[in-house]
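In what follows, a single structure is set out as structure tokens and then discussed.
Any read-out appearing in this document is the output of simple, stated calculations on the displayed coordinates, not a laboratory observation. Predicted model, so just to flag it, every value in this text is computed and none were measured. Quick reminder, even Gly has a Cβ in these numbers, built from the backbone with ideal geometry, and neighbours come from all protein chains shown.
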Amino acid sequence: MRMLKTCNDFLYNMKTPKYVVFMACVGYASSIILLNIIYLIMGINFSQDGGPTYINVLDEILFAIILSPIIETLVFQTFVFTVMKEMRWFKSKEFLIMLFSAVCFSGMHMIYNAYYAMSAFIIGLILAYSFSIYSKKGKKASVVVILIHSFINMISVIFSY
């Protein structure tokens, strides 16, 4: 428990630009590691990951790096946190709100496939955690989460070519 507090304090005190890049790298790396473990166990070819497909690079940049992070942050972090914090039972249960946010985020990614959704759950937790931290700091949590999400998607786009 002490180690979690130390990690939380470290992340909480990190400067925003460094935090965004760090969390994007952690999010991307952890989702790739999880996907590879799942694919290895299930015997699935990595090239069949079932992620989103785009018509061209401009569409991919527009949707994956710009629009999706904005829309998904507004729905799965901003809306979920705002609504659930108003519910008396969830008011002091931040971790449950983060879990619910990550489950919703993951569920939306189920349209690609279950393995992709499992990977999205990890990213959803990172995004929800980031939203929680920056809300407590009194800073623009949505902007930070959008940036982290955009960076994760940008890394994914870069490595897909």
* Take each complete run of DSSP H in the chain, measure how far its Cα atoms stretch along the helix's own axis, and keep only those covering 20 Å or more with mean Kyte-Doolittle hydropathy at least 0.5; list them. => 16-42, 94-108, 114-136, 141-159
* Asked: Rg(Cα) of segment 25-161 divided by 2.2 N^0.38 Å?
  -> 1.07
* Asked: For the residues 7, 25, 104, what sequence is obtained by ranking on other C-beta atoms within 10 Å, fewest first?
  -> 7, 25, 104
* Figure the gain on full extension for residue 62 and residue 18 (residue separation times 0.36 nm, minus the Cα-Cα span) and round it to one decimal in nm. => 13.4 nm
* **Of 85/139; 15/91; 85/140; 18/91, pairs whose Cα-Cα distance is over 25 Å** => 15/91; 18/91
* Asked: If you find the alpha carbon centre of segment 1-16 and of segment 91-161, how far apart are they in angstrom?
  -> 18
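Relative contact order of segment 2-159, please, whole-number percent, based on alpha carbon pairs below 8 angstrom and at least 6 residues apart. All intermediate terms of the calculation are to be shown ahead of the outcome.
On the way: 146 pairs, mean separation 52.3, N = 158.
Reported relative contact order: 33 percent.
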